[in-house]
Amino acid sequence: MSERSTEPLLDVVVRWSGEVEIFVGNRSWCPDSIYKFQSNLLYMDSMLGSALFMVTILNLFAGKGSAEMAEALFVFGDSFADTGNRDPYNQTLSQSWRRPYGLTWPGYPAGRFSSGKIQTDFWGDILGLPCPVSYELLKSHDCETDAEKIRQGVNFAVGGSGIFRAHRFTTVPEQVKQFKKLIAASSGFDSLRLSRSVALISAAGNDYANNGSNEGLVDLVEPVVSGTIEVVKDLYESGLRNFVVSNVAPFGCAPQIGKTSCDSKYDDTINLHTKLLTEGVHHLRSNLKGLSIIISDLVSAFHHIFSHSTQYGFEDIFMPCCAVKGGVNMCTEVDERGRALFEVCDNVDNKFFWDFGHPTHRGWYEVMSLYAYGAHEGNRKLNFIEGASNAIEWVQSLGFLAHNISLQSATAVL
């Protein structure tokens, strides 16, 4: 089982009778670790005595259980997490660096496969950290030279990546090697700092999508999930302890003109992936001391929004805002005269999907809000995080400060 925190937790209760009860215990609230201090304000000599009593007790425990900032955010994965690792000078690969990407935020292309922020940005907001610098944007891969840039994390994720090599992109295991090399060259990341950092891993389905057909997809699930679990183990051995692992995306729900529902032919693959990933994560919790790991459930979050699209204010849920025309594949292409071979919707905030498979800025905000806070359906509380009630409470359970997210919150573009 994972190691429970032993940081003292202070709870002060003032009852109507004037009695003050102060409880100090660890976060697991084991009965044998809770100490109770009592006094009665009614029998104290003066209000000054009451104040001195409270100050004395609070000083005894002040700071011992207080939350602090997470040290850094390290990101691994694919286009659902990439904030600038595609080559901006390669015309066939640089769509995230070309207009109209970045239309909503920051107003220009910023290396993200969206109209604005993606989950990496919002996880940074929750942790109170700037979006981590993209690995390929570092002027040098010498850690000492870039010590200030990498101090609060690095993003190694690259659009098109997966656990295995489907195209030319750096795989997630290869990204882990980049991380280990960078950390090994740095004097700024000791075991304590790494243990107080967070790793986000997004392998949302390129290993399946790049297969080209539905045939044999189920046979890929076990090696893909096993590869994901091995990535966590490798990063754990490097010193990281806190992990967010994304479930696979519901790729049967990719947007398409005229589409009205998700394609169920992929359900067996998605359901098996979810089952094996959950089992694998449970096994990690039982065997890796000090590990704290959650699964962010993309499948449940996407389907919840699809089922309540009107409530969320999304129109034509399976129609992307940036739609291609003329048989082209990317929402950036132009003809020989420079005329756009795509059309952008009038109101991007009314669309969940930005392009052929990536959420808009607001789409990601709604997904991340489900992670951060959950949702209610009648009297039933819905949870989109496996391993915690929600993302905010998980971050707090680590002893870190957690911040609310906002559709308009500002994150520096690096």
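The values are calculated or read from the model by the stated rules, or taken from the named source; none is laboratory data. All values reported here derive from a predicted model rather than from experimental measurement. Positions of Cβ are generated from backbone atoms using ideal geometry, with glycine treated the same way; all protein chains shown enter the neighbour counts. Ligands, DNA and RNA are excluded from the accessible area calculation, which covers all protein heavy atoms including side chains. Shrake-Rupley method; radii C 1.70, N 1.55, O 1.52, S 1.80 Å.
Could you please state how large a percent of the accessible area of the stretch 293-414 is carbon and sulfur, counting protein chains only and using a 1.4 Å probe?
Heavy-atom surface of the stretch 293-414 belonging to carbon and sulfur, 1.4 Å probe: 46 percent.
Size of the stretch 185-237 along its principal axes in angstrom, Cα-based, largest extent first?
48, 18, 15
Under a plain spin-label model, where a point goes 7 Å from the Cα along Cα-to-Cβ, how far apart in nm are residue 233 and residue 180?
Modelled inter-label distance: 1.3 nm.
I'd like the projected area of the stretch 342-414, averaged over all directions, using the convex hull of its alpha carbons. Report it in nm² with one decimal.
Quarter of the Cα hull surface area: 7.5 nm².
Rounded to two decimals, what is the ratio between the C-alpha radius of gyration of the stretch 221-269 and 2.2 N^0.38 Å?
Working: Rg = 15.8 Å, N = 49, 2.2 N^0.38 = 9.7 Å.
It is 1.63.
Once the piece of chain linking residue 87 and residue 289 is laid out straight, how much longer is it, given 0.36 nm per residue of separation minus the C-alpha distance between them?
On the way: separation 202, 0.36 × 202 = 72.72 nm, distance 3.86 nm.
In short, 68.9 nm is gained.
Size of the dipole of the stretch 285-414 about the Cα centre, Lys and Arg at +1 and Asp and Glu at -1 on the beta carbon, nothing else charged, in debye to 20?
Taking the Cα centre of the stretch 285-414 as origin, the dipole is about 480 debye.
Structure shown: which of 117/233; 180/233; 177/233; 117/351; 233/275 lie over 21 Å apart, alpha-carbon to alpha-carbon?
117/233
Can you pull out the GluC sites (Glu not before Pro) in the stretch 212-264 whose DSSP state is coil and whose Cβ has at most 13 other Cβ atoms within 10 Å?
215
Keeping all protein chains in place, calculate the accessible area per residue for the stretch 251-398 (probe 1.4 angstrom), answer in Å².
47
By the scheme Lys and Arg +1, Asp and Glu -1, what is the net charge of all other residues having a beta-carbon under 12 Å from that of residue 319?
Charge balance near residue 319 sits at -2.
Considering only protein heavy atoms and a 1.4 Å probe, what is the carbon-and-sulfur percentage of the accessible area of the stretch 84-222?
The C+S portion of the solvent-accessible surface of the stretch 84-222 is 51 percent.
So, in nm, how far is label residue 343 from label residue 383 when the simple model puts each one 7 Å beyond its Cα toward the Cβ?
With each label point 7 Å from Cα toward Cβ, the separation is 4.5 nm.
Considering the convex hull of the alpha carbon atoms of the stretch 160-206, report its projected area averaged over all viewing directions, in nm², one decimal. List each step's numbers first, then the result.
Values: hull surface 15.0 nm².
That works out to 3.8 nm².
Provide the descending list of Cα extents for the stretch 143-288 along its principal axes, expressed in whole angstroms.
Reported extents, whole Å, longest axis first: 52, 35, 24.
Per the Kirkwood definition applied to all pairs of different Cα atoms, how many angstroms is the hydrodynamic radius of the stretch 236-328? Could you put the intermediate results ahead of the total?
Numbers: mean 1/r = 0.0634 Å⁻¹.
It is 15.8 Å.
What is the distance in Å between the Cα centroid of the stretch 291-344 and that of the stretch 348-414?
17
Under the rule a/c < 1.5 gives rounded, and otherwise a/b versus b/c splits prolate from oblate, where does the stretch 260-301 land using the Cα gyration tensor?
Taking the square roots of the gyration eigenvalues as a ≥ b ≥ c, the stretch 260-301 is oblate.
Once you have all Cα-Cα distances for the stretch 272-385, histogram them in 10 Å bins from zero and send the whole-percent values.
Final binned percentages: 13, 31, 27, 18, 9, 2, 0.
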